[in-house]
Every structure is written in C-alpha cells, then in structure tokens.
Amino acid sequence: MTHHDSARPTTLVPRRDPRPALLAAAIVAGVALLQRLASLAQSLVWLGDQDYLVGVVLPFVNGVLVDVVAFSAGVFLLLWLLPARQGDRVLVVLGKGLAAAAAGVLLSTVVSFVVALVSTGIWSLGDVRYYGGFNPFASLVPELLASAPLVMLVVLALWVVRRVPRS
C-alpha cells in the first residue's frame, strides 16, 4: 500500500486563485456602477414626470443588470481562466485585459439579447424570426473600444501591485 499525504492533494493542473480576478471585476463593476449612478442623478430632472419609472428607473435597473453585473462577470471569468501572472510581460498583461474586456462585452451583449427577447414576449426560438432587423451584436466593437481602456488599466495596475516587492 502506498501512503498519500492528504494535506497535499495531487493535481495535474495548478489551482487557480480567484481573488485577483474577483478584485479586478469588483473594481470594474464599481466604476461602471458609478457611471450608471451619475446618469441616474442627471435624470432626476424628470422626477415629477409620470413616465419616470418606465423611462428612467427601469432602464437604470436593466443597465445595472446587463452593463454592470454581466460585464463584470465576463471580466471575472476570463481573468480567472487566464490570469495576469507576475512573469508576464506588459504587452501580454494588456492583451489579457483586452481579452477580458471582450469577454465582458460579449457576455453583456448575450444577456442583453436574452433580456430583450424575454421582455418583449418571445418565449421560444421560433419567435425570433419576427425580429429580422434586430441585431444586438452590431455594437460589439464600439462597446469594446469604450470599455477596454478601463479593464486594461485595472488589470495592469493589479499586475504592477503584485510585482512590487513588499518590505
């Protein structure tokens, strides 16, 4: 019989630490939420309007669900699967940040598409044919260009902080 040390599990794949990816996603979510709250504060001008709930509050909740939660989840997933390691070069880290932003944009676009389908009453894929001109993926590149600098900066900053020796 062989003796196995139960304190050290043997695996072929090293364990991934989700904390750096979670921290990066939380920072990105915080900035995105602040942007959404700023736009909500600007819309307080229409507070007395009877369509305030439908015209302002519901799009805000939808934006938080799609733009903040789904985007940050996509950033987290990619950075958890492909973390920026201490030995990576700067261009590799920036590339991983760009890929994380692309994953976030893609996931938020898919969630936005599903929310749009459900909120308009489509319950089966057979009903999609009635949405001939609806293309939620048309804005992938502009959204990526808008969100990539933030994600790349956060990934780069966290990479630099981890590389600096602590005294």
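Coordinate-derived values only; no laboratory data. In this text, all values refer to a predicted model and were calculated from it rather than measured experimentally. Quick reminder, even Gly has a Cβ in these numbers, built from the backbone with ideal geometry, and neighbours come from all protein chains shown.
Can you give the net charge of the other residues whose Cβ lies under 15 Å from the Cβ of A25, counting K and R as +1 and D and E as -1?
Local net charge: +1.
Quickly rank 25-33, 109-117, 66-74 as a protection proxy: mean count of other C-beta atoms within 10 Å, highest first.
Taking the mean over residues of other Cβ atoms within 10 Å, the ranking is 66-74, 25-33, 109-117.
What does the net charge come to around R85 if you take all other residues with beta carbon closer than 13 Å to its beta carbon, with K and R at +1 and D and E at -1?
Spelling it out: positives minus negatives among the neighbours equals +3.
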